[in-house]
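Please read the structure below before turning to the comments.
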Amino acid sequence: MKSEASRHPQFKPGFLERWGRKVLIELALSRNPPSKQINETQGGDETENKFHIESRRLIVSGVFWSFWIGFLPSVLFVFFLGYGPGFDTNHLSLHSVLWFLGLLIFWTIIEFYLLFRLGFLLAYKMAELAEMELANEPELYTPLPSMLARIVLEIPDPRILIYGIDPYKHLDKRAALISTILYKSKVFLSNISAKFILKAIIGRSSLRYWIEYISGPITGLWDAVTTYIILRELQKRIITRKISNYLLTEITNLHLSQKNLNQIIRTVALAIVFTKTFHPNFEFLILRLVGFYDDIESLQELDSWEIWLTGFESLSKEEKMINMKLFAILSAFDGKLNQEEKIGFLEIQKYSNFSAMEFTNSLCKKINEGKLSKTLEIVREFWT
């Protein structure tokens with residue numbers, strides 16, 4: 001199989017992503033490999049306890065330590081600020097500004113470094129619970145270590161076009177930009193808002209000297225919430241990578257015609273467009289599936305709903321069912337159904353006597369609950 005990353009040399013991961021990937025691989029090399037693999041097609045109390053319960057413990061641990069990683073540097077910043085030149089916005093001096101900025105940068109670097117290292121460790125442990133190998137996969141833009149690193153570092157999925165698939169063709173770019181700006185400024189805005197409200201309440205009372213320290217618990221709480229969100233997303237993406245591995249194995253074992261394989265590739269492409277992001281597990285599937293297709297150059301307009309529908313109508317009943325089931329499973333990868341996916345289900349529902357959307361909603365629920373083996377079990381039952 002050709003290395004897709006080498007076919008598109010314009011894609012270059014950033015410094016932080018490369019660092020995170022390196023840390024995760026070093027963690028994997030420093031530990032002994034798992035002694036056995038999870039059976040991806042069978043459920044069971046043992047595997048359920050191993051991932052579902054233990055990953056929840058990792059999340060609780062991550063939230064606890066993230067609070068203190070956010071709390072202590074913020075308090076120490078305010079504490080040491082008082083030992084330098086007075087920082088008064090009405091009488092600024094060069095020394096006071098430099099002292100303020102130096103302390104801010106120093107403690108912010110400490111905070112984020114510790115948060116990132118904690119996130120990498122928890123990400124590795126969660127992948128280890130699912131018995132997934134953190135290996136370099138040169139044919140992918142996003143090998144597993146990169147996927148985990150991006151989530152920990154809060155780096156969005158790359159804005160790349162693979163075989164002309166545009167995941168952002170239905171995305172409101174202005175709304176996305178505003179959302180990104182607000183997200184990136186969340187800590188600053190929360191601190192400023194809290195201080196303003198407290199000053200209005202406390203006024204000139206004897207407690208006014210403690211107002212500046214409010215940044216400590218606020219930053220700690222925000223870091224704890226952010227870590228919770230990150231680890232829940234890690235949980236979902238690890239589960240859906242396991243689903244992707246299962247689907248890839250099943251599809252390749254079907255010995256499909258090139259016509260049906262073309263349609264399956266288009267089904268994955270539509271899932272990318274409907275989800276509005278190049279979810280790394282979609283990337284994993286489409287790049288691996290394209291490697292089995294004989295005439296890659298003929299793969300044009302993969303993200304066209306009209307072409308997909310025309311191709312779908314020309315399939316046999318069995319081939320239609322394969323593509324419908326695949327669409328239903330992939331629509332659950334981000335843990336929710338959006339409007340485009342619901343419209344797609346209504347369009348193709350007439351070709352089947354079962355409710356694919358009902359299954360997808362059920363699968364979304366299991367993925368969001370972090371139940372790995374139960375999720376794989378219902379995917380297997382649905383697919384077969």
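The values are calculated or read from the model by the stated rules, or taken from the named source; none is laboratory data. Note that the structure is predicted; figures quoted are calculated from it, not measured. Please note: Cβ atoms are built from the backbone with ideal geometry, for glycine as well, and neighbour counts cover all protein chains shown. The area values use the complete protein model at the heavy-atom level, side chains included, leaving out ligands, DNA and RNA. Shrake-Rupley method; radii C 1.70, N 1.55, O 1.52, S 1.80 Å.
Looking at 64, 51 in this structure, which one is over 26 Å from residue 220 (Cα atoms), aromatic (Phe, Trp, Tyr), under 33 Å from the mean Cα position of the chain (by Cα) and modelled with pLDDT of 85 or more?
Numbers: 64 fails: over 26 Å from residue 220 (Cα atoms).
Residue meeting the stated conditions: 51.
Kindly indicate the residue of region 341-357 that is surrounded by fewer than 16 Cβ atoms within 10 Å (Cβ to Cβ) and either modelled with pLDDT of 80 or more or charged (D, E, K, R) (or both) and also farthest from the chain's Cα centre (by Cα) among those meeting that condition.
At the first step, the residues of region 341-357 found to be surrounded by fewer than 16 Cβ atoms within 10 Å (Cβ to Cβ) are 342-343, 346-347, 349-355.
From what is left, the residues that are either modelled with pLDDT of 80 or more or charged (D, E, K, R) (or both) are 342, 347, 350.
Values: 342: 22, 347: 29, 350: 33 Å.
The residue in question is 350.
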Handout entry: Pair list, Cβ < 9 Å and 6+ apart or interchain, from region 107-125 residues that are closer than 12 Å to residue 20 by Cβ to residues that are of a type in the set (A, V, I, L, M) and not in a helix (DSSP H, G or I)
Key = 124/134
Exercise for the section: Inspect all residues belonging to region 79-102 and state whether any of them is in a helix (DSSP H, G or I), under 30 Å from residue 148 (Cα atoms), modelled with pLDDT of 85 or more and not charged (D, E, K, R). Expected result: no
Exercise for the section: Kindly list the number of the only condition in (1) closer than 30 Å to residue 70 by Cβ; (2) over 13 Å from the mean Cα position of the chain (by Cα); (3) open to solvent by 10 Å² or more (accessible area, probe 1.4 Å) that fails for residue 220. Expected result: (3)
Exercise for the section: Please verify whether region 271-288 includes one or more residues that are farther than 15 Å from residue 157 by Cβ and among the hydrophobic types (A, V, I, L, M, F, W, C). Expected result: no
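Residues of region 49-71 being without any contact (Cβ under 8 Å) to a residue 24 or more places away in the chain and among the charged types (D, E, K, R), which ones? Steps first, answer last, please.
Just the residues of region 49-71 that are without any contact (Cβ under 8 Å) to a residue 24 or more places away in the chain, to begin with: 49, 53, 57, 60.
Within region 49-71, just 57 meets the criteria.
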Exercise for the section: For region 370-382, enumerate the residues that are under 15 Å from residue 333 (Cβ atoms) and surrounded by fewer than 19 Cβ atoms within 10 Å (Cβ to Cβ). Expected result: 378, 382
Practice task
Filter region 120-145 down to residues that are crowded, with 23+ Cβ neighbours inside 10 Å and touching a Gly at 6+ places or on another chain (Cβ under 9 Å) and give me whichever is nearest to residue 297 (Cα to Cα).
Solution key: 145
Problem - Output for region 322-344, where each listed residue is in contact (Cβ under 8 Å) with a residue 40 or more places away in the chain and of a type outside the set (Gly, Ala, Ser) - result: 322, 323, 325, 326, 327, 329, 330, 333, 334, 338, 340, 341
Completion exercise
By residue number, the members of region 251-285 that are open to solvent by 10 Å² or more (accessible area, probe 1.4 Å), out of contact with any helix residue (DSSP H, G or I) (no Cβ under 6 Å at 6 or more places or on another chain) and not hydrophobic (A, V, I, L, M, F, W, C) are 252, 253, 255, 257, 258, 259, 262, 275, 276, 277
Practice task
Considering every residue within region 318-340, establish whether at least one is in contact with a His (Cβ under 8 Å, 6 or more places away or on another chain) and surrounded by 17 or more Cβ atoms within 10 Å (Cβ to Cβ).
Solution key: yes
Completion exercise
Of (1) surrounded by 23 or more Cβ atoms within 10 Å (Cβ to Cβ); (2) part of a loop (DSSP other than H, G, I, E, B); (3) among the β-branched types (Val, Ile, Thr), residue 155 fails just (1)
Handout entry: Residue satisfying condition, being free of Cβ contacts under 8 Å to residues at least 24 places away in the same chain and farther than 23 Å from residue 236 by Cα, within set 319, 301, 297, 347
Key = 297
